[in-house]
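S.K.: Supplied in structure tokens, the structure appears directly below.
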There are 2 protein chains.
Amino acid sequence: MILEHADIRIDPQKRDAFEEAILRGVTTVIAPSKGFLGYKVRRSIESPGRYILTIRWATVEDHMVGFRASDRFAQWRAIVGPYFVQPPVVEHLELISPTA
Amino acid sequence: MILEHADIRIDPQKRDAFEEAILRGVTTVIAPSKGFLGYKVRRSIESPGRYILTIRWATVEDHMVGFRASDRFAQWRAIVGPYFVQPPVVEHLELISPTA
């Protein structure tokens, strides 16, 4: 299992609409993808307009090939892309601390 | 519950020593603090030397006052600070997606 970690910046004035859109986009477009294991959306307390989206995938390939090379990626970006004020910074993380 | 989110950059050549230090620092110095609820350390797959430390705290004050204003903060920085190649970017996040 790996974690997709996306650092997202939006116009904070569009907060309510963005929050509805990202939850809808993940649950309707990303969640049905092979290897999708769960997600969280978190809002920064100190930086209005900053969000961290984390998605658990079985493998990096499930995200980068299975999802990103599919039609679903364009659907996802159509839902959330209009809110981005800069390209999200997306990386994959592996856990090094104990899982307990 | 809120999440402390620290984006950390180190010299990737010191990876093994840093990973030992951060796990030791969290478990011995931070974990005994009031309001500490758990933590994870994750390593970036794409960016050697980038780590995301997340700590669950009962409140922001437990982190920023209870921990940071205590002697423990200096102890923590003595353990991990020498590895940082730039100041960590630390913010607090609140969950907006369903917990289920």
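S.K.: Just name the residue that is farthest from residue B:15 (Cα to Cα) out of those in segment B:29-72 that are part of a loop (DSSP other than H, G, I, E, B) and of a type in the set (Lys, Arg).
M.R.: Step one: of segment B:29-72, the residues part of a loop (DSSP other than H, G, I, E, B) are B:31-35, B:45-49, B:58-59, B:68-70.
Still in the list and also of a type in the set (Lys, Arg): B:34, B:68.
Values: B:34: 30, B:68: 25 Å.
Among them, the one singled out is B:34.
Table: residues versus (1) over 12 Å from the mean Cα position of the chain (by Cα); (2) more than 9 Å from chain A (Cβ to nearest Cβ); (3) at pLDDT below 95.
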{"position": "B:26", "(1), (2), (3)": "no, no, no"}
{"position": "B:31", "(1), (2), (3)": "no, yes, no"}
{"position": "B:36", "(1), (2), (3)": "no, yes, no"}
{"position": "B:39", "(1), (2), (3)": "no, no, no"}
{"position": "B:45", "(1), (2), (3)": "yes, no, no"}
{"position": "B:50", "(1), (2), (3)": "yes, no, no"}
{"position": "B:55", "(1), (2), (3)": "no, yes, no"}
{"position": "B:59", "(1), (2), (3)": "yes, yes, no"}
{"position": "B:63", "(1), (2), (3)": "no, yes, no"}
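S.K.: Could you please give the count of residues in segment B:73-100 that are assigned to a loop (DSSP other than H, G, I, E, B), more than 13 Å from the chain's Cα centre (by Cα) and either crowded, with 17+ Cβ neighbours inside 10 Å or away from chain A (no Cβ under 14 Å) (or both)?
M.R.: Counting residues in segment B:73-100 that are assigned to a loop (DSSP other than H, G, I, E, B), more than 13 Å from the chain's Cα centre (by Cα) and either crowded, with 17+ Cβ neighbours inside 10 Å or away from chain A (no Cβ under 14 Å) (or both) gives 3.
S.K.: Could you look through segment A:29-46, keep only residues that are without any contact (Cβ under 8 Å) to a residue 12 or more places away in the chain and closer than 18 Å to residue B:94 by Cβ, and pick out the one that is surrounded by the fewest Cβ atoms within 10 Å (Cβ to Cβ)?
M.R.: This residue is A:46.
S.K.: May I pose another question? Mind listing just one residue for me: the one in segment A:1-26 that is surrounded by 16 or more Cβ atoms within 10 Å (Cβ to Cβ) and basic (Lys, Arg) and, of those, nearest to residue B:50 (Cα to Cα)?
M.R.: Selected residue: A:9.
S.K.: In this structure, does residue B:17 turn out to be more than 15 Å from the chain's Cα centre (by Cα) and either facing chain A (nearest Cβ under 9 Å) or not in a strand (DSSP E or B) (or both)?
M.R.: Considered against the rule, which asks whether it is more than 15 Å from the chain's Cα centre (by Cα) and either facing chain A (nearest Cβ under 9 Å) or not in a strand (DSSP E or B) (or both), residue B:17 comes out as yes.
S.K.: Report the residue count in segment A:1-14 for those that are assigned to a strand (DSSP E or B) and more than 9 Å from chain B (Cβ to nearest Cβ).
M.R.: Of the residues in segment A:1-14, 5 are assigned to a strand (DSSP E or B) and more than 9 Å from chain B (Cβ to nearest Cβ).
The values are calculated or read from the model by the stated rules, or taken from the named source; none is laboratory data. Computed from a prediction, not measured in an experiment: that's the story for all the values here. All Cβ positions, even for glycine, are placed from backbone atoms using ideal geometry, and neighbour counts span all protein chains on display.
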